[in-house]
Amino acid sequence: MNTETDWRIAELLRPSLTHLGVELVDVRWSGRGHGAVLRVIIDRAGGVTLDDCERVSNAASAVLDAADPIPSAYRLEVSSPGAERPLRSVEDWRNALGRRVNVRLRSGDGERVLEGTLLSLSIQPAEVAGSAELEMRERHKRRTETISLDDLIAARIAVDI
């Protein structure tokens with residue numbers, strides 16, 4: 001699927017999912033032909049239950065059947081983003097304040113990975129641009145580092161094991 005189709009599917013599903021009290025996190029495609037899978041990733045305050053996934057699956061199936069935005073056969077899967085939820089939107093970043101995050105940044109010709117507690121944000125209102133301050137622990141020392149979100153490749157919640 002192309003990005004425009006993904007966007008259209010997300011826009012078709014979002015009102016029904018909001019009505020069900022869940023947030024649409026992402027729409028992902030994998031496979032081709034009869035093995036194609038449309039994954040709808042949802043979240044809600046307090047976490048996603050199996051009942052939430054079932055309700056969303058039923059609602060999404062009805063919406064997608066009525067609108068028919070996908071010309072080929074596919075299998076629909078509904079799931080939560082998991083414990084290591086990606087940080088994509090401004091709201092995701094705000095919700096991550098005070099939590100451990102893992103960020104992958106462009107650095108010269110390569111990249112670097114940092115992991116630490118998200119202490120503060122300076123974000124533009126409409127997009128993920130600006131800076132963030134992370135506190136990292138190295139052995140028994142703590143240090144803070146300000147990163148530019150313009151250099152961001154990917155970011156996610158980090159889970160301590």
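The values are calculated or read from the model by the stated rules, or taken from the named source; none is laboratory data. Remember, predicted model here, so these are calculated numbers, not experimental data. Every residue, glycine as well, gets a Cβ built from its backbone with ideal geometry; the counts of neighbours run over all protein chains shown.
One line per residue, one yes/no per condition, for (1) touching a Lys or Arg at 6+ places or on another chain (Cβ under 8 Å); (2) in a loop (DSSP other than H, G, I, E, B); (3) crowded, with 16+ Cβ neighbours inside 10 Å:
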| site | (1), (2), (3) |
| --- | --- |
| 39 | yes, no, no |
| 55 | no, no, yes |
| 63 | no, no, yes |
| 71 | no, yes, no |
| 91 | no, no, no |
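Determine whether the range 94-114 contains at least one residue that is touching a Pro at 6+ places or on another chain (Cβ under 9 Å), surrounded by 12 or more Cβ atoms within 10 Å (Cβ to Cβ) and either modelled with pLDDT of 90 or more or closer than 28 Å to residue 17 by Cα (or both).
no
Checked against (1) under 27 Å from residue 136 (Cβ atoms); (2) buried (at least 17 other Cβ atoms within 10 Å of the Cβ); (3) not β-branched (Val, Ile, Thr), residue 80 meets all criteria but (1). Looking across 133, 138, one residue alone is outside the structural domain of residue 25 (by TED's automatic domain parsing), surrounded by fewer than 18 Cβ atoms within 10 Å (Cβ to Cβ) and at pLDDT 90 or above. It is 133. Within the range 25-54, residues that are polar (S, T, N, Q) have Cβ atoms under 6 Å from residues that are surrounded by 10 or more Cβ atoms within 10 Å (Cβ to Cβ) in these pairs: 30/37, counting only partners at least 6 apart in sequence or on another chain.
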